[in-house]
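This report refers to the structure that appears directly beneath it.
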Amino acid sequence: MKISTQEYEHYLIGTIEGSLTNESLSEFEAYLGEIAEKRKHFLLDLSRLSFVMSSGLSAILSFNNNLQQMALLFIIYGLNGDIEKLFMHTGILSHLNLCATREEALEKLPKSKF
């Protein structure tokens, strides 16, 4: 798994590449913790994610709840076919903000914050 982040004044964009497995879970959770500490809206690009285990989905849900408590947006975009099917079958989509593209995700951010 490879993680990269672009930081802007009022939001961050993260990209996950490869597989999110039990072996990479602690790295992913630490990353999400660092993002939460920055107290900015967060967009997560999953277009290059090839596999995710249920523990990764749990980490995403937990992170979403944390940002909601801070009144911050967490938006996922770019789900590929297989990952989108997994999100649909597990019911996780009903708990997350999801967009098809980066542009759509950026449109959901508060206008006064960037």
**Request:** Could you check residue 47 against (1) farther than 15 Å from residue 4 by Cα; (2) polar (S, T, N, Q); (3) surrounded by fewer than 17 Cβ atoms within 10 Å (Cβ to Cβ) and say which number it fails?
**Result:** (1)
**Message:** Looking at the structure I just gave you, is residue 75 in a strand (DSSP E or B) and either aliphatic (A, V, I, L, M) or surrounded by 13 or more Cβ atoms within 10 Å (Cβ to Cβ) (or both)?
**Reply:** yes
**Request:** Kindly indicate whether any position in region 33-42 is surrounded by fewer than 21 Cβ atoms within 10 Å (Cβ to Cβ), of a type in the set (Asp, Glu), more than 22 Å from residue 101 (Cα to Cα) and under 12 Å from the mean Cα position of the chain (by Cα).
**Result:** no
**Failed item, numbered, when residue 85 is tested on (1) at pLDDT 95 or above; (2) farther than 16 Å from residue 14 by Cβ; (3) of a type in the set (Lys, Arg)** = (1)
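The values are calculated or read from the model by the stated rules, or taken from the named source; none is laboratory data. No experiment lies behind these values; they were computed from the predicted model shown. Backbone-built Cβ (ideal geometry, glycine too); neighbour counts: all protein chains shown.
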